[in-house]
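Enquirer: To start, I am sharing the structure in question, which I have written as structure tokens.
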Amino acid sequence: MKVKFFLCAAIACGALLAFAAKDPVLMNVNGKNVTLSEFEYLYKKNSSQQVEKESLDKYVERFVNYKLKVADAEAAGIDTTSAFKNELEGYRYDLVKPFLTDTTVTERLAREAYDRMLKNVDVTHIMIARGATEAQTEEQMVRMDSIRKRILAGENMNELADKFSIDPSVKQNHGDYGYITAGMFPYEFDEVVFTTPKGQLSKPFTTDYGVHMIRANDVKPDDGQVEAAHILISFPRDATPDDKAVAKARIDSIRDLVVNEGQDFATLARNFSQDPSAKRNSGNLGWFGRGRMVKPFEQAAFSMAVGEVSQPIETQFGYHIIKKTGQRPVESYEKLRPQIMQAIQSDARAEAPVRERINQISKQYNVSRNPQLDGYLANVCKNSISCDSALVATLAASKFNAYTFDRGQGAVKLADVAPLLNPKARITKEALPDYLNNRIKTLVDNEVTKYYVNDLINKNADYKNLLNEYRDGSLLYEISNQRVWDAASKDTTGLKNYFEANRSKYIWDKPRFKGLVMMAKNEEVLNEAKQMYMNMHTRDMDFVADSLVRHFNNDIHFERFNNFAPGQNRMVDYLVFDGKIKESLDPRWPEFLLLDGRIINSPETFSDVKGMVTSDYQEVLEKKWIEELHRKYPVVINQSVLKKVKEIQ
């Protein structure tokens with residue numbers, strides 16, 4: 001189903017301030033009340049989208065027509081179809097999302113991220129593997145803590161990193177990352193790095209990649225970003241001194257071409273650099289901040305002046321010469337906010353605003369955990385080795401209420417959680433109670449959220465009006481398509497009759513060409529096809545075109561042109577109007593010939609101006625439809641309420 005937010009254009013919507021605490025009925029359309037708040041919401045939204053403000057009386061007239069069309073859609077049963085219900089449910093899900101997010105948390109996380117972008121932290125890091133189970137991971141945490149105690153006792157962290165760390169970079173950096181910037185690593189890692197005091201050693205922590213510990217060696221203001229290009233002459237990781245000498249001599253000669261002979265850096269990068277991307281980007285690395293390049297390269301790039309070409313820099317990849325092309329400070333929060341928000345939505349922080357909102361909803365509905373739940377679960381798990389099918393069956397048959405909410409109106413039973421359990425999960429007997437509690441809490445959060453969403457339409461006027469706007473807008477689109485738009489385009493007889501009755505409305509200021517053009521892949525094919533056409537005993541152009549295409553195995557092509565004025569098509573201009581420039585519109589068909597056609601000064605049939613006729617005919621159908629709606633469905637307007645609206649307008 002197409003996007004149907006037709007309401008914005010056809011009715012467009014909005015909201016005055018209600019003049020009373022209650023919500024009186026403004027009008028009744030076909031037995032259905034329209035409240036003042038709904039009308040005000042749509043009216044203000046409509047007014048905000050108009051260049052010239054529409055009078056209230058005029059808007060009331062359009063609003064009544066809009067509601068009559070919605071009533072007609074309901075009478076036609078459109079709102080009861082599965083397609084409509086499914087689409088509305090999809091809209092409902094999208095519309096409720098803002099109400100399930102605590103925006104203050106989102107803004108706090110965004111500000112936190114920006115504040116961290118303003119500083120760099122010099123980090124030393126050790127990582128060991130996670131365990132296959134939670135218990136094994138806890139053992140690894142204890143192991144990391146023992147390493148931590150050795151560092152605190154005076155042992156060298158770099159030596160311990162060399163001995164224990166599984167971080168692949170440890171072979172080059174011995175655990176020293178140097179200065180890193182916010183966003184380089186997963187949020188869980190950043191969180192520890194940017195909250196550990198300068199000179200302090202963090203406690204062990206986990207990410208999806210392993211068990212970690214870091215030391216914050218130093219903190220300094222962020223240096224912003226530099227823009228640079230480079231040329232690389234590489235040598236192997238096991239390079240001998242002779243290998244390095246050869247590479248060094250070569251990079252020296254390239255630098256001499258740049259510095260002393262003035263040759264173009266980008267051209268030399270494309271021709272000589274052994275960076276695989278150099279031929280594509282001319283050695284340009286774009287903008288980068290601290291921690292994005294290997295340390296010797298970074299130190300050189302940030303210490304250079306803009307425009308300077310460096311001396312050869314050795315890294316594990318080879319020898320580089322760097323040309324610095326720009327430097328800039330950290331950009332403003334406003335400019336970086338879209339980038340920050342995108343990062344928040346793609347990592348662990350995305351759940352924080354939702355989690356906080358669920359906590360608020362839980363308090364709102366007085367979510368209460370059954371105090372006997374732990375004892376009940378302990379008894380259920382007592383004879384279970386793991387989460388097996390017998391345990392799942394026991395819970396499925398249970399009548400025990402694990403949680404209640406909204407003063408007992410809602411409840412989550414243990415039986416409700418049974419379908420969420422995995423009998424094949426490898427859960428140890430010791431971990432089983434925690435596993436069950438986590439599944440139960442997840443179910444409680446989901447059920448309370450559903451309850452909140454269903455209750456929201458009765459508690460939140462903004463959500464109610466927005467959802468109703470989408471509902472009625474979708475109905476309006478569907479019924480308008482049936483009664484006007486699609487109806488007009490399919491009513492060939494009606495279009496013909498309307499055109500014949502209103503020919504004087506459809507005139508052209510220039511003559512038009514209509515006809516058939518034959519195009520060929522070369523002149524030889526075109527001439528042969530032309531001769532074959534001349535020998536045919538029919539002028540049925542559809543038959544001619546089909547016959548020639550079949551005969552020439554798609555080496556020719558036919559294009560029908562309808563009502564092209566001078567200047568609208570280069571091929572038509574050449575063939576019919578001026579003959580100045582022979583130019584094919586498609587390189588596959590460079591040769592072409594006018595096979596059949598004529599110039600007409602005015603439309604001959606409604607198809608010559610079908611778009612205009614259809615649009616005008618739709619207006620006729622719309623007018624008749626509205627007249628029919630006013631006869632068919634009763635409308636009662638509460639004039640006293642409308643008068644008060646006018647008074648405060």
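We did not get these values from a lab; they are worked out from the coordinates using the rules stated. The shown structure was predicted, so the numbers you read here are calculated from the model rather than taken from an experiment. Methodologically, a virtual Cβ is constructed for each residue, glycine included, from the backbone with ideal geometry; neighbour enumeration extends over all protein chains shown.
Enquirer: Considering Cα pairs under 8 angstrom that are at least six residues apart, work out the relative contact order of the chain and quote it in whole percent.
Expert: On the way: 896 pairs, mean separation 95.7, N = 649.
Taking the mean separation of contacting Cα pairs over the length of the chain, I get 15 percent.
Enquirer: While we're on this one: Please enumerate, by chain and number, the lysines with C-alpha under 18 Å from the C-alpha of K413, excluding those fewer than 8 residues away in the same chain.
Expert: Within the straight-line cut-off, K413 pairs with K399, K441, K450.
Enquirer: Let me ask something else. Using alpha-carbon pairs under 8 Å, 6+ residues apart, how would you state the relative contact order of the range 365-457 in percent?
Expert: Computed value for the range 365-457: 30 percent relative contact order.
Enquirer: Under a point-charge model restricted to the Cβ atoms of Lys and Arg (+1) and Asp and Glu (-1), what is the dipole moment magnitude of the range 205-306 relative to its Cα centre, in debye to the nearest 20? Write out the running numbers ahead of the final one.
Expert: On the way: 13 positive and 14 negative charges, 30 e Å.
In total the dipole reaches around 140 debye.
Enquirer: Quick check for me: using +1 on Lys/Arg Cβ and -1 on Asp/Glu Cβ, what's the dipole size of the chain about its Cα centre, in debye to the nearest 20?
Expert: Values: 89 positive and 90 negative charges, 293 e Å.
Charge dipole of the chain: 1400 debye, to the nearest 20.
Enquirer: At a Förster distance of 22 Å, what's the computed FRET efficiency of L336 paired with V219, Cβ-Cβ distance as r, to 0.05?
Expert: Numbers: r = 20 Å, r/R0 = 0.92.
Efficiency, rounded to the nearest 0.05: 0.60.
Enquirer: Please list 588-597, 537-546 highest first by mean number of surrounding beta-carbon atoms within 10 Å per residue. If you can, show how the numbers build up before the last one.
Expert: On the way: 588-597: 17.4, 537-546: 12.1.
Packing proxy ranking, top to bottom: 588-597, 537-546.
Enquirer: Over all directions, average the projected area of the Cα convex hull of the range 119-221 and note it in nm². List each step's numbers first, then the result.
Expert: Working: hull surface 24.1 nm².
Averaged projected area of the range 119-221's Cα convex hull equals 6.0 nm².
Enquirer: While we're looking at this one, here's another question. With each run of n ≥ 4 DSSP H residues scored as -39500 (n - 2.57), what mean residue ellipticity at 222 nm is computed for the chain after dividing by its residue count and rounding to the nearest 500 deg cm²/dmol?
Expert: Values: 26 runs with 313 residues, N = 649.
It comes out at -15000 deg cm²/dmol, rounded to the nearest 500.
Enquirer: So, one more: I need W485, W625 ordered by Cβ neighbour count within 10 Å, fewest first. Mind dumping the intermediate values first?
Expert: Working: W485 16, W625 19.
With the fewest neighbours first, W485, W625 line up as W485, W625.
Enquirer: Quick check on the range 272-359: take the gyration tensor over C-alpha atoms, sort the square-rooted eigenvalues as a ≥ b ≥ c, and tell me if it's rounded (a/c under 1.5), prolate or oblate.
Expert: Values: a/c = 2.89, a/b = 2.35, b/c = 1.23.
In terms of gyration-tensor shape, prolate.
Enquirer: Follow-up. Compute the Cα gyration tensor for the chain, then decide on rounded, prolate or oblate, letting a ≥ b ≥ c be the square roots of its eigenvalues: rounded whenever a/c is under 1.5, prolate when a/b is larger than b/c in the other cases, and oblate in all that remain. It would help to have the intermediate numbers written out before the result.
Expert: Working: a/c = 2.28, a/b = 1.23, b/c = 1.85.
Oblate, since a/c reaches 1.5 and b/c is not below a/b.
Enquirer: Report the FRET efficiency, 1/(1 + (r/R0)^6), for S146 and E74, where r is their Cβ-Cβ distance and R0 is 60 Å, rounded to 0.05. Before the final figure, lay out the partial values.
Expert: Working: r = 71 Å, r/R0 = 1.19.
E(calc), rounded to 0.05, equals 0.25.
Enquirer: In percent, what relative contact order does the range 508-601 have, based on Cα pairs under 8 Å that are 6 or more apart in sequence? Before the final figure, lay out each step's value.
Expert: Values: 145 pairs, mean separation 47.8, N = 94.
For the range 508-601, the relative contact order is 51 percent.
Enquirer: Using a Förster distance of 45 angstrom, determine the FRET efficiency expected from the C-beta separation of D242 and Q263, and round it to 0.05. Present the calculation step by step, with values, prior to reporting the outcome.
Expert: Numbers: r = 28 Å, r/R0 = 0.62.
Given R0 = 45 Å and the Cβ-Cβ separation, E is 0.95.
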